[in-house]
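To keep things clear, I will list the structure first and then write my remarks on it.
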Amino acid sequence: MKVTIHPSSLYGTIAAPASKSSMQRACAAALLSRRKVMITHPGHSNDDKAALDIIKRLGALVTDVDSNTISIESGFLDSSNRAQSKESEIHCGESGLSIRMFAPIVALCSSQITINGEGSLLGRPLNFFDEVLPQLGVHVQSNDGKLPIVIQGPLQPRNIEIDGSMSSQFLTGLLLAYAAHASQGITKDPITIKVKSLKSKPYIDLTLDVMQRFDLPVPENKDYKEFVFTKKENIVQSNPEKDKPLTYAVEGDWSGAAFLLVAGVIAGSITVTGLNLASTQADKAIIDALMEANAGLAIEAKGIKVHPATLRAFKFDATDCPDLFPPLVSLAAYCNGITTIKGVSRLAYKESNRGVTLQEEFSKMDLKIDLLGDEMQIHGGKGLKGAQVHSRHDHRIAMACAVAALKAEGNTTIEEAMAVNKSYPDFYSHLASLGAYLKSGWSEEPFKKIIFKFR
């Protein structure tokens with residue numbers, strides 16, 4: 001399905017979408033909780049739906065309370081802290097976080113469970129599980145390090161050392177699985193997870209924050225090199241609130257909002273609401289990048305206001321926030337000079353090989369991008385031309401091209417534009433509500449053959 005973006009000017013106020021990083025972690029924590037959980041401002045992206053489907057298959061009862069609240073009552077852990085799955089197979093869709101986070105949790109079960117996925121997830125390397133889970137007493141059978149994988153536990157927490165250079169998401173899963181044991185005093189002695197070369201540290205901060213909010217044992221963080229579950233975490237405290245529902249509000253998503261903020265800097269004055277400036281989300285660093293680029297930016301009580309300004313090339317390290325590469329390329333395209341972004345090595349195993357994809361798709365719009373080892377150089381400030389581009393089935397590529405197209409010379413058509421459903425299904429309608437002129441070739445209602453133009 002195609003979407004055509006016409007050159008447009010934006011104006012107005014828009015709320016940031018729900019963070020799928022926050023939402024999916026909340027689903028996992030709710031599965032391990034013995035309290036009824038109320039999640040407000042839940043996300044509805046494909047990745048969010050995958051996480052909800054997983055916890056349902058593992059025994060959680062998920063109920064829509066109203067349009068802004070869901071309740072979760074988990075039956076995953078019994079009174080003896082034994083994990084038991086309702087079904088023998090879970091499906092992660094295309095969610096990299098779901099497979100990496102839920103696999104160690106699934107491994108708490110003594111029954112055999114198959115984990116599968118689809119699309120780009122089928123090609124992602126998961127050798128981590130083949131190498132690490134057997135050290136914890138888990139039998140693993142994979143498809144040469146890829147999906148589908150079959151896991152049979154129960155996982156037994158032990159002192160272990162892992163490699164965190166590819167993704168922090170593997171560590172997130174282990175932390176949650178270890179916490180499930182520690183919460184009931186099964187772990188008698190301190191247990192340490194040592195980590196080498198951890199990337200995306202802010203995402204681990206988000207994991208630890210969610211664990212704390214869900215009353216799960218939180219390990220001592222020793223400079224992101226060691227995470228220690230100590231004896232004191234094993235003491236089951238009397239909690240007068242244990243019979244009351246636990247409420248968790250999903251944060252606004254800095255990853256999706258980054259595209260909105262860049263769109264405003266490029267194409268008009270807009271305000272983005274619903275973002276927490278104290279958030280542990282890694283992509284909050286978009287604010288630093290915008291300031292480096294001399295973007296028009298004001299942090300107000302009602303939200304973050306951005307507007308066009310004379311943009312300059314900038315240098316930015318995206319090693320810990322690689323999802324910012326696509327919106328930063330859109331930004332850099334309109335910055336005078338050569339922008340340098342570090343962290344290209346983190347892009348190989350996304351929904352596409354993002355470094356190469358950004359280079360190839362933006363070249364169609366006359367933007368020169370050089371890949372030099374771990375650095376990307378964007379030669380900006382010369383204007384873009386409308387073109388026919390392809391998302392490569394990567395949600396962030398589709399959004400990056402759409403944002404860049406707002407001030408290109410001529411129209412831009414994005415093939416497989418609905419890849420945005422993975423993380424931000426309302427993306428195009430949100431752009432349209434701000435004044436973007438979009439023509440859709442979608443075949444399904446309610447968007448069939450509609451031209452959006454709102455002011």
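Summary table
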{"read-out": "Residue match in the range 244-257 (condition: open to solvent by 10 Å² or more (accessible area, probe 1.4 Å), part of a loop (DSSP other than H, G, I, E, B), of a type outside the set (Asp, Glu) and farther than 24 Å from Ile70 by Cβ)", "value": "no"}
{"read-out": "Residue within the range 341-363 that is at positive phi, open to solvent by 10 Å² or more (accessible area, probe 1.4 Å) and either more than 18 Å from the chain's Cα centre (by Cα) or charged (D, E, K, R) (or both) present", "value": "no"}
{"read-out": "Any chance Ile55 is touching a residue at least 12 places away in the same chain (Cβ under 8 Å), within 18 Å of Gln169 (Cα to Cα), crowded, with 19+ Cβ neighbours inside 10 Å and among the hydrophobic types (A, V, I, L, M, F, W, C)", "value": "yes"}
{"read-out": "Search result, residues across the range 103-138 that are under 20 Å from the mean Cα position of the chain (by Cα) and of a type in the set (Asp, Glu)", "value": "Glu118"}
{"read-out": "Failed criterion for Phe316 (all others in (1) of a type outside the set (S, T, N, Q); (2) over 13 Å from Met376 (Cβ atoms); (3) open to solvent by 10 Å² or more (accessible area, probe 1.4 Å) hold)", "value": "(2)"}
{"read-out": "Verdict on Lys382 being open to solvent by 50 Å² or more (accessible area, probe 1.4 Å), without any contact (Cβ under 8 Å) to a residue 24 or more places away in the chain and under 23 Å from Leu10 (Cβ atoms)", "value": "yes"}
{"read-out": "Test: residue in the range 80-89 that is outside any helix (DSSP H, G or I), at pLDDT below 95 and buried (at least 23 other Cβ atoms within 10 Å of the Cβ)", "value": "yes"}
{"read-out": "Residue match in the range 258-271 (condition: within 18 Å of the chain's Cα centre (by Cα), within 30 Å of Thr192 (Cβ to Cβ) and at pLDDT 95 or above)", "value": "no"}
{"read-out": "Any hit, the range 346-353, residues being of a type outside the set (A, V, I, L, M) and in a strand (DSSP E or B)", "value": "no"}
{"read-out": "Some residue of the range 425-438 being touching an Asp or Glu at 6+ places or on another chain (Cβ under 7 Å) and at pLDDT 95 or above", "value": "no"}
{"read-out": "Residue check for Tyr428: part of a loop (DSSP other than H, G, I, E, B) and crowded, with 24+ Cβ neighbours inside 10 Å", "value": "no"}
{"read-out": "Test: residue in the range 33-46 that is open to solvent by less than 40 Å² (accessible area, probe 1.4 Å), more than 26 Å from His430 (Cβ to Cβ) and in contact with a helix residue (DSSP H, G or I) (Cβ under 9 Å, 6 or more places away or on another chain)", "value": "yes"}
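The values are calculated or read from the model by the stated rules, or taken from the named source; none is laboratory data. If you're wondering where the values come from, they're calculated on a predicted model, not measured in any experiment. Here Cβ is always computed from backbone atoms with ideal geometry, including for glycine, and neighbour counts include all displayed protein chains. Ligands, DNA and RNA are stripped out before the accessible areas are found, and what is left, the full protein with its side chains, is counted by its heavy atoms. Shrake-Rupley method; radii C 1.70, N 1.55, O 1.52, S 1.80 Å.
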